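Since the structure comes first, as structure tokens, the remarks are kept for the end.
The values are calculated or read from the model by the stated rules, or taken from the named source; none is laboratory data. Predicted model only: the values in this text are computed from it and were never measured. A quick note on method: Cβ atoms are made from the backbone with ideal geometry, for glycine too, and the neighbour counts reach across all protein chains shown. The protein model used for the area step is the full one, side chains on, heavy atoms only, and it has no ligands, DNA or RNA in it. Shrake-Rupley method; radii C 1.70, N 1.55, O 1.52, S 1.80 Å.
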Amino acid sequence: MVRVFQGSLPRRKVLQGSLAAVAAAILPRRLGASDTPGAAWAAEGRGGGRQSVPSIPGLAEERYPFSLPPLPYPPDALQAAIDAQTMEIHHGRHHQGYVTNLNRALEGHPDLHGRTLVELVAGWESLPESVRTAVRNHGGGHLNHALFWTSLSPQGGGEPTGPLAQAIRDRFGSFQTFREQFSAAAASVFGSGWGWLVRTPSGRLEIVTTPNQDNPITQGNIPLLGLDVWEHAYYLRYQNRRADYIQAFWNVVNWGDVAQRLG
Ligand code: MN
């Protein structure tokens, strides 16, 4: 469930007052009702209709049994932002745990083995109750982390170019403004969750946050860039200084990977 900044779907929890104030300050404009992502989605049963599930490049085809993708760089390659031990534990234990638990949950549900990871996570609310929470948490965890690793690179950082750069300028005014708003949104996540740049079904860019391992695809939004702000992502080096971790994150963003999801 996307926690932010859009609040009109029926079962969405309304932001608490203080966070709502932060969100209002962060975002230049709220989504209008007509822009509500997932409206068409909801009409088809919240992802129950498989044909309506948006695809995420590179992640559209994976099906049960799921496996841990290798890191696309050595664990010490992102020292400009993330230390090697954090990378090893985060990838080898946390991400592996999501994969293992997702497979375990689906093992006895062969009817779901034909569904892709994206289809499962997008439509978790319509799954049988016995697997719903596991797919939400562990399927979401697998999807989120698979996206996260590829969206980082030791050659990353700087600013995007081409259509993505233009889309960010069109929506946020400047890359710097976007970066500030994304950073503030990620910093505002209470407890564990993620900050995201997403593309809505109407093609609009938005900054959203999700709690826990929820992925924006469940609301019909394509995740372009996600930042993991669970403490396991940064605590060894940064302890409670999440804002420092967020600032360092910009040194390693792989804009080419982000741009391929813009569509
Ligand atoms: Mn994580």
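Pairing each residue of the range 214-236 that is more than 18 Å from GLY58 (Cβ to Cβ) and away from the ligand (no atom under 12 Å from the Cβ) with any residue that is aliphatic (A, V, I, L, M) and modelled with pLDDT of 95 or more, provided the two are 6+ apart or on different chains, yields C-beta distances under 6 Å for THR218/ALA122.
How many of the residues in the range 74-99 are open to solvent by 20 Å² or more (accessible area, probe 1.4 Å) and hydroxyl-bearing (Ser, Thr, Tyr)? Residues in the range 74-99 being open to solvent by 20 Å² or more (accessible area, probe 1.4 Å) and hydroxyl-bearing (Ser, Thr, Tyr): 1 in total. Inspect all residues belonging to the range 120-132 and state whether any of them is more than 27 Å from TRP250 (Cα to Cα), open to solvent by 10 Å² or more (accessible area, probe 1.4 Å) and under 15 Å from the mean Cα position of the chain (by Cα). Scanning the range 120-132, I find no residue that is more than 27 Å from TRP250 (Cα to Cα), open to solvent by 10 Å² or more (accessible area, probe 1.4 Å) and under 15 Å from the mean Cα position of the chain (by Cα), so the answer is no. In this structure, LEU102 does not qualify as away from the ligand (no atom under 16 Å from the Cβ) and crowded, with 16+ Cβ neighbours inside 10 Å.
Among residues of the range 113-126 that are modelled with pLDDT of 95 or more, those with a Cβ under 7 angstrom from a residue that is open to solvent by 10 Å² or more (accessible area, probe 1.4 Å) and small (Gly, Ala, Ser), sequence gap 6+ or separate chain, pair up as THR116/ALA60; VAL118/SER55; VAL118/ALA60; GLY123/GLY48; SER126/GLY45; SER126/GLY48.
Conditions (1) open to solvent by 10 Å² or more (accessible area, probe 1.4 Å); (2) assigned to a helix (DSSP H, G or I), marked per residue:
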| position | (1), (2) |
| --- | --- |
| GLU159 | yes, no |
| ARG169 | yes, yes |
| ARG179 | yes, yes |
| ALA185 | no, yes |
| ASP214 | no, no |
| LEU225 | no, no |
| LEU236 | yes, yes |
| ILE246 | no, yes |
| GLY256 | yes, yes |
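In this entry, GLY263 passes the filter for residues that are modelled with pLDDT under 95, open to solvent by 20 Å² or more (accessible area, probe 1.4 Å) and not in a helix (DSSP H, G or I). Evaluate the range 194-202: report whether one residue or more is basic (Lys, Arg), touching a helix residue (DSSP H, G or I) at 6+ places or on another chain (Cβ under 7 Å), in contact (Cβ under 8 Å) with a residue 40 or more places away in the chain and not in a loop (DSSP other than H, G, I, E, B). Within the range 194-202 (the criterion being basic (Lys, Arg), touching a helix residue (DSSP H, G or I) at 6+ places or on another chain (Cβ under 7 Å), in contact (Cβ under 8 Å) with a residue 40 or more places away in the chain and not in a loop (DSSP other than H, G, I, E, B)), the answer is no, since none of the residues qualifies.
Within the range 133-145, being open to solvent by 10 Å² or more (accessible area, probe 1.4 Å) and within 13 Å of the ligand (Cβ to nearest atom) holds for ASN137, HIS138.
GLU62 meets each of the listed conditions (1) away from the ligand (no atom under 16 Å from the Cβ); (2) under 23 Å from SER151 (Cβ atoms); (3) modelled with pLDDT of 95 or more; (4) among the charged types (D, E, K, R) apart from (3).
Taking the criterion of being more than 17 Å from HIS145 (Cα to Cα) and either under 15 Å from the mean Cα position of the chain (by Cα) or not hydrophobic (A, V, I, L, M, F, W, C) (or both), the residues of the range 246-258 that qualify are GLN247, ASN251, GLY256. Of all residues being modelled with pLDDT of 95 or more and more than 16 Å from the ligand (Cβ to nearest atom) in the range 187-201, which is surrounded by the most Cβ atoms within 10 Å (Cβ to Cβ)? Just the residue, please. Looking at the filtered set, the residue picked out is LEU197.
Condition check for THR150 on (1) touching a helix residue (DSSP H, G or I) at 6+ places or on another chain (Cβ under 9 Å); (2) within 15 Å of the ligand (Cβ to nearest atom); (3) open to solvent by 10 Å² or more (accessible area, probe 1.4 Å); (4) more than 21 Å from GLN260 (Cβ to Cβ): one failure, at (4).
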